[in-house]
1. Among the residues of the range 1-12 satisfying the criterion of being modelled with pLDDT of 95 or more and surrounded by fewer than 17 Cβ atoms within 10 Å (Cβ to Cβ), which is farthest from ALA46 (Cα to Cα)?
2. So which residues in the range 66-95 are assigned to a helix (DSSP H, G or I), open to solvent by 70 Å² or more (accessible area, probe 1.4 Å) and not basic (Lys, Arg), if there are any at all?
3. It is to be established whether one or more residues within the range 14-33 are open to solvent by less than 50 Å² (accessible area, probe 1.4 Å) and assigned to a helix (DSSP H, G or I).
4. Under 9 Å between Cβ atoms, at least 6 apart or on separate chains: pull out the pairs that start in the range 46-65 with a residue that is open to solvent by less than 10 Å² (accessible area, probe 1.4 Å) and end on any residue that is among the basic types (Lys, Arg).
5. Any chance the range 44-65 includes a residue that's within 24 Å of LYS84 (Cβ to Cβ), under 12 Å from the mean Cα position of the chain (by Cα) and not in a helix (DSSP H, G or I)?
Amino acid sequence: MEVTHNNNEKNGNFEAFIDGNHAGLMTYTWAGEERFIIDHTEVEEAYNGKGVGKEMLLAAVDFARKNGKSIIPLCPFAKATFQKHEELQDVLVNKTQA
């Protein structure tokens with residue numbers, strides 16, 4: 001699985017590909033310069049249950065960690081995944097500002 005990242009000063013996305021086929025998309029919007037809001041995650045039906053959403057979320061976490069950014073997970077998938085995986089919670093806004 002390959003996850004690409006597109007970013008500009010207002011928003012961006014992480015896009016997943018499996019064998020060159022589009023498998024999923026996770027979009028975000030910047031909330032200031034230090035944090036971004038994950039607002040939507042979608043996985044193509046053919047790739048449901050293959051970890052596509054989690055791989056995109058891991059790419060977002062990696063990006064946040066490497067760039068000193070925080071994440072606000074508004075998307076239900078992202079929110080649930082953060083709740084299940086405590087090891088990812090260091091990038092959440094309420095954790096970094098506590």
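The values are calculated or read from the model by the stated rules, or taken from the named source; none is laboratory data. The structure displayed is predicted, hence computed values, not measured ones. Heads up, the Cβs are rebuilt from the backbone with ideal geometry, glycines too, and the neighbour counts pull from every protein chain shown. Quick note on the areas: whole protein, heavy atoms, side chains included, nothing else; ligands and nucleic acids left out. Shrake-Rupley method; radii C 1.70, N 1.55, O 1.52, S 1.80 Å.
1. Here is the first cut: in the range 1-12, the ones modelled with pLDDT of 95 or more are 1-7, 10-12.
Filter once more, keeping what is surrounded by fewer than 17 Cβ atoms within 10 Å (Cβ to Cβ): 1-2, 4-7, 10-11.
Details: MET1: 14, GLU2: 16, THR4: 19, HIS5: 22, ASN6: 23, ASN7: 26, LYS10: 31, ASN11: 27 Å.
Step by step, filter the range 1-12, then rank; the result is LYS10.
2. Residues satisfying the conditions are ASN67, PRO76, PHE77, GLN83, GLU86, GLU87, ASP90, ASN94.
3. No: the range 14-33 contains no residue that is open to solvent by less than 50 Å² (accessible area, probe 1.4 Å) and assigned to a helix (DSSP H, G or I).
4. The qualifying pairs are ALA64/ARG35.
5. Taking every residue of the range 44-65 in turn, none turns out to be within 24 Å of LYS84 (Cβ to Cβ), under 12 Å from the mean Cα position of the chain (by Cα) and not in a helix (DSSP H, G or I).
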